[in-house]
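Nothing in this text is a laboratory measurement; each read-out follows from the coordinates by a stated rule. All values reported here derive from a predicted model rather than from experimental measurement. Glycine also receives a Cβ, built like all others from the backbone with ideal geometry; neighbour counts cover every protein chain displayed.
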Amino acid sequence: MNPETKQCQNCQQNFVIEPEDFAFYEKMKVPVPTWCPECRMKRKLIWRNERTLYKRVCDLCGKSIITMYHPKSPYTVYCLGCWYSDQWDISDYSINYDPDKPFFHQFNKLVLKVPKVAVYATSVGGAENINSDYTNFAGGNKDCYLVFNSGNNENCAYSRGLKGCKDVFDSYFGNNSELIYEGIGVQKSSRVFFGDNVSSSLDSYFLLNCSGCSDCFACVNLRNKSYHFFNQPLSKEEYKSKVSSFLGSYQKLEEVKRQFAEFALQSLRKENRNLKFFQCVGDFIFESKNCFGCYEVSSSEDSKYLFYTKLVKDCYDVVGYGYTSELLLETVGVGYSARVVGSWFVEQSHDLEYCIMMKSSEDCFGCDGLKNAKFSILNKQYSREEYQSIREKIIQELKKEGNYGLFLPSQMCFFAYNESLAQDEYPLTKEEAIKQGFRWEDDIPRTSGKETLLPENIPDHIKDVKDEIVKEVLKCIICGNNYKITHQELEFYRKMLLPIPRQCFFCRHLNRLSQRGSFKLYSRFCSKCHKDMTTTYTPNRPEIIYCESCYQGEVV
């Protein structure tokens with residue numbers, strides 16, 4: 001079978017269905033998609049609200065809670081304790097399927113009735129969060145604040161994508177590390193500050209694409225080096241003297257950032273940040289093979305269009321989780337499962353289609369909140385024969401609409417576009433989002449004009465900062481919104497000789513995303529051998545980009 005070019009029914013751009021894609025869709029018994037990969041990804045990402053948190057009241061116990069659901073949303077929202085308790089019975093919520101009404105209309109009616117859990121808190125092994133209320137899509141964390149999509153961490157804050165970390169602040173996608181600040185893709189390291197794509201390193205500042213380094217400052221592409229300053233070797237005494245003059249001062253570190261950005265721009269970079277991979281295209285792909293269009297993926301194979309997944313095989317269009325899963329199609333937050341289509345947060349289940357918050361279930365279609373369920377549609381259980389008959393009717397309806405095999409429609413989504421990860425990865429204006437059929441939320445809690453301490457009045461050096469700063473309201477130098485410094489982070493800054501940040505958490509997070517780069521693929525030529533390669537670096541970006549083989553030949 002030859003590749004086939006199709007026009008996306010959503011954005012009208014052309015995209016290609018490869019022979020292996022046809023084989024996968026046939027295996028899943030769904031039609032080939034009518035939407036392009038980018039539109040399909042947006043359709044899933046709007047269902048992932050990690051960082052936009054609100055205060056509201058639990059609709060069962062009445063206590064104040066932190067939740068991802070807007071207080072004005074139409075959903076019944078329970079705190080974690082109530083949602084997992086026996087104070088309510090999910091069997092009270094079911095709908096008889098009506099063949100004369102659209103399926104998604106009926107499913108949405110059910111979804112509006114079933115109580116929602118305030119935040120998603122789970123982890124591998126089922127460990128609970130301790131003193132970590134301001135987290136979401138996170139579990140097994142202790143003393144963590146504003147940490148998202150993370151698990152099994154301690155004393156971490158303002159970060160996303162952490163696993164097994166301790167004392168990590170303002171970081172994105174890091175594993176098994178401690179005492180990290182402003183890190184992107186920092187793995188198995190300690191006391192690394194302002195690091196990007198760093199592994200197995202110690203006591204270093206401003207590293208890019210380095211591994212096995214210790215006591216290095218403003219270095220790029222180093223392997224197993226010590227006491228290097230802007231890639232030049234120094235004696236231990238010279239190194240200590242130079243570095244100590246920068247630490248703790250906001251102005252001096254800002255100047256180093258500028259100098260390092262200029263220095264890094266003149267250094268070569270690899271086409272991707274993949275490691276131990278075979279025939280993979282994407283970025284941050286580790287120990288995987290045959291993965292295309294994938295990002296932040298580990299230990300996976302024979303899959304396409306994955307974002308932040310681990311241990312999956314033979315899966316397409318998956319956002320988050322994974323863990324020993326196979327044959328997932330168009331899912332968000334599905335793990336330990338097989339043969340799941342178009343579903344949101346499913347665990348330890350198989351043969352589910354268009355389901356929400358399900359666990360230990362099988363052969364269900366259009367259900368919400370069930371556990372240990374079987375042969376259920378719209379939360380009502382049927383005999384095997386009845387189930388198969390109704391399921392087939394629904395599938396035929398969805399096929400006629402062109403929706404079967406795609407994710408849940410955006411009209412059903414719990415969240416607005418600008419509340420979700422879609423805004424991070426594919427930023428839109430309000431007008432653009434509405435034109436594309438998404439909802440927009442104007443009432444997102446932010447404060448401005450309440451500052452009690454202006455940026456220019458914050459002491460330059462951390463040693464001059466008083467304890468009272470935790471009582472002050474600061475003003476972000478980028479967006480102008482207010483933010484505060486917690487006791488937890490003040491202690492960290494003092495311990496690590498880091499200045500008080502002049503930007504709010506949200507702007508710092510966007511800075512890290514910008515530094516990480518977009519998750520889109522472009523065709524570009526290697527700057528050395530001129531071979532055509534597929535990379536996340538756009539052709540007009542100024543970086544010097546080498547293909548894998550040329551990079552490995554230069555960096556040893």
query: Where does each of 194-204, 42-52 land if you order them by average Cβ count within 10 Å, highest first?
result: 42-52, 194-204
message: With just the Cα atoms defining each centre, how far is the stretch 61-105 from the stretch 324-345? Give it in Å.
response: 21
query: Using Cα atoms only, what is the angle between the long axis of helix 250-265 and the major principal axis of the chain, expressed in degrees (0 to 90) to the nearest 10?
result: 70
query: What are the radius of gyration and Dmax of the stretch 184-270, computed over its Cα atoms and given in Å?
result: 11.8, 33
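Relative contact order for the chain: what is it in percent, counting Cα pairs under 8 Å that are at least 6 residues apart? Before the final figure, lay out each step's value.
Details: 1298 pairs, mean separation 56.7, N = 556.
Relative contact order of the chain: 10 percent.
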message: If every alpha-carbon in the chain counts as one equal scatterer, what log10 I(q)/I(0) does Debye give at q = 0.06, 0.07 1/Å?
response: -0.31, -0.43
task: Could you list SER298, SER189 in order of exposure, starting from the residue whose Cβ has the fewest other Cβ atoms within 10 Å?
output: SER298, SER189
query: Relative to the longest principal axis of the chain, what angle (0 to 90°, nearest 10) does the C-alpha long axis of helix 19-28 take?
result: 50
field: Fraction in percent of alpha-carbon pairs per bin - 10 Å, the stretch 316-378
entry: 29, 61, 10
query: When a footprinting reagent is the concern and you count Cβ atoms within 10 Å, what order do VAL318, VAL114 take, fewest first?
result: VAL114, VAL318
query: Of all DSSP beta bridges located in the chain, what percent are antiparallel, nearest 5?
result: 15
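Scale the Cα Rg of the stretch 490-531 by the rule-of-thumb value 2.2 N^0.38 Å and send over the ratio, two decimals. The partial results should precede the final answer.
Numbers: Rg = 17.8 Å, N = 42, 2.2 N^0.38 = 9.1 Å.
Rg over 2.2 N^0.38 Å, computed on Cα atoms: 1.96.
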message: To test your reading of the geometry: what angle, between 0 and 90 degrees and rounded to tens, separates the Cα axis of helix 487-496 from the longest principal axis of the chain?
response: 40
task: For a quick protection proxy, order the peptides 77-88, 139-150 by their average other-Cβ count within 10 Å, most packed first.
output: 139-150, 77-88
